[in-house]
Amino acid sequence: MAEISKPRPGENMRLIEALQYRLPIAGIVSILHRVSGVMMFVLLPLVIWLFDTSVTSEVSFDRFAGAFTFGIGFVPGLLVKLAVLGLIWAYLLHAIAGTRHLWMDITHSVTKAHGRSSAIVTTVLSLGLTVVLGAKLFGLY
């Protein structure tokens with residue numbers, strides 16, 4: 001008698017079904033950790049240019065400060081600020097999520113409850129600090 005093999009769960013999952021799947025918060029933070037790493041890597045030339053321009057001379061520092069007001073080339077200043085805000089978020093999330101993973105590795109805290117609570121703390125801390133630093137970036141204080 002021949003065995004009939006059942007497809008594994010998710011093997012033939014359609015895109016609509018995949019979009020309806022509810023990922024736990026720990027999974028979302030894990031994906032965002034990877035996304036933030038890629039984002040920092042892609043925007044690394046901007047970071048290097050901003051750093052170099054800010055420390056070379058007084059004239060170049062004025063150009064650095066002007067990038068946030070007048071923009072860089074054809075890119076308006078608002079988009080420069082939004083890109084830097086994205087970098088701030090990416091750095092904070094990546095650092096906090098990395099610390100979360102190190103803590104879980106050191107303490108062997110790999111329970112579902114700890115993963116959920118530490119993912120919530122990671123999300124709240126990174127978003128909260130991004131709001132505070134973003135307010136400074138946009139001149140609110």
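See the values below:
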{"item": "Qualifying position, being at pLDDT below 95 and more than 20 Å from ILE28 (Cβ to Cβ), among GLY115, GLY71, GLY134", "result": "GLY71"}
{"item": "Filter result (of a type in the set (Val, Ile, Thr) and surrounded by 14 or more Cβ atoms within 10 Å (Cβ to Cβ)) within region 48-74", "result": "THR53, ILE72"}
{"item": "Close pairs (9 angstrom Cβ cut-off, 6 or more residues apart or separate chains): closer than 28 Å to ILE120 by Cα and aliphatic (A, V, I, L, M) in region 1-29, surrounded by fewer than 10 Cβ atoms within 10 Å (Cβ to Cβ) and at pLDDT 75 or above anywhere", "result": "ALA26/LYS112"}
{"item": "Residue check for ALA97: farther than 22 Å from PHE138 by Cα and surrounded by 17 or more Cβ atoms within 10 Å (Cβ to Cβ)", "result": "yes"}
{"item": "Failed condition for TRP89, given (1) within 19 Å of HIS33 (Cβ to Cβ); (2) free of Cβ contacts under 8 Å to residues at least 40 places away in the same chain", "result": "(2)"}
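The values are calculated or read from the model by the stated rules, or taken from the named source; none is laboratory data. All values derive from a computational prediction rather than experimental measurement. Cβ atoms come from the backbone with ideal geometry, glycine included; neighbour counts cover every protein chain shown.
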